[in-house]
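Asker: My questions will all concern the structure given below.
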Amino acid sequence: ISGSVKEADLNLQLAKWVQSLNDDPAIQVILTRKEDSKMTQEERTQLCKQMRADLFISLHMNSAGSEIHKGIEVYTASKVVSENNRILASTLINSLKDIYGTTPVIKQRKEEIYVLDKSPCPSALIECGFITNPSDLAFVSDPANQQKIAKGILQAVREFSLRRVAETRV
């Protein structure tokens, strides 16, 4: 928590923007929560399996002990390295880099990120800035910028989906 802003609130606002701005009938955005409630990582992964999701994107805000850390970062699974995960992460980075400072390298944590490593489909985690960096926090707290991030995510999902469709036709 940074001041009176809660990470969970920002994540939910961003997810709701992704859902509300989606105008592509081929893309169904399913939120793992619609209000401030807790769902375990195992429950999120199970929901992904039950819904037969084509991909899974987890939205977060990063934090660090210093204000020098900043920008958007995209993570993939650390245990299960798949080409589709790499493609999804790269597509997200390319789509978000012109919206706000984005690390150009796909990140992986040494420790497992359950929802990524156990996902039954291509998955990525987006750290939409550092809640501990005043510039990042101000940017992502602005509804206009939340819409830009959401549009970037939707653009990446469309591009990823089109690429997968094209590959299945070859």
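Asker: Going by the structure shown, is Val105 at pLDDT 90 or above, assigned to a helix (DSSP H, G or I), more than 13 Å from Ser123 (Cβ to Cβ) and out of contact with any Gly (no Cβ under 9 Å at 6 or more places or on another chain)?
Answerer: Here the answer is no, as Val105 does not meet what is asked.
Asker: Hey, another quick one. Please find, within the stretch 6-32, the residue that is surrounded by the fewest Cβ atoms within 10 Å (Cβ to Cβ) out of those that are closer than 15 Å to Leu55 by Cβ and of a type in the set (S, T, N, Q).
Answerer: Gln28
Asker: Which numbered condition in (1) touching a Leu at 6+ places or on another chain (Cβ under 6 Å); (2) assigned to a helix (DSSP H, G or I) is the only one that Lys148 fails?
Answerer: So Lys148 meets the others, but not (1).
Asker: Hey, does the stretch 62-72 have a residue that's at pLDDT 95 or above, small (Gly, Ala, Ser) and at positive phi?
Answerer: yes
Asker: Another question about this same structure. For the condition hydrophobic (A, V, I, L, M, F, W, C), touching a strand residue (DSSP E or B) at 6+ places or on another chain (Cβ under 8 Å) and either more than 23 Å from Thr40 (Cβ to Cβ) or at pLDDT 95 or above (or both), what is the one hit in Leu137, Leu116?
Answerer: From the options Leu137, Leu116, the qualifying one is Leu137.
Asker: Looking at (1) closer than 24 Å to Gln50 by Cβ; (2) part of a helix (DSSP H, G or I); (3) open to solvent by less than 70 Å² (accessible area, probe 1.4 Å), which one does Arg164 not meet, given that it meets all the others?
Answerer: Unmet for Arg164, out of (1) closer than 24 Å to Gln50 by Cβ; (2) part of a helix (DSSP H, G or I); (3) open to solvent by less than 70 Å² (accessible area, probe 1.4 Å): (3).
The values are calculated or read from the model by the stated rules, or taken from the named source; none is laboratory data. Note that the structure is a prediction, hence the values are computed from the model and not measured. Here Cβ is always computed from backbone atoms with ideal geometry, including for glycine, and neighbour counts include all displayed protein chains. For accessibility, only protein heavy atoms count, side chains too; no ligands or nucleic acids. Shrake-Rupley method; radii C 1.70, N 1.55, O 1.52, S 1.80 Å.
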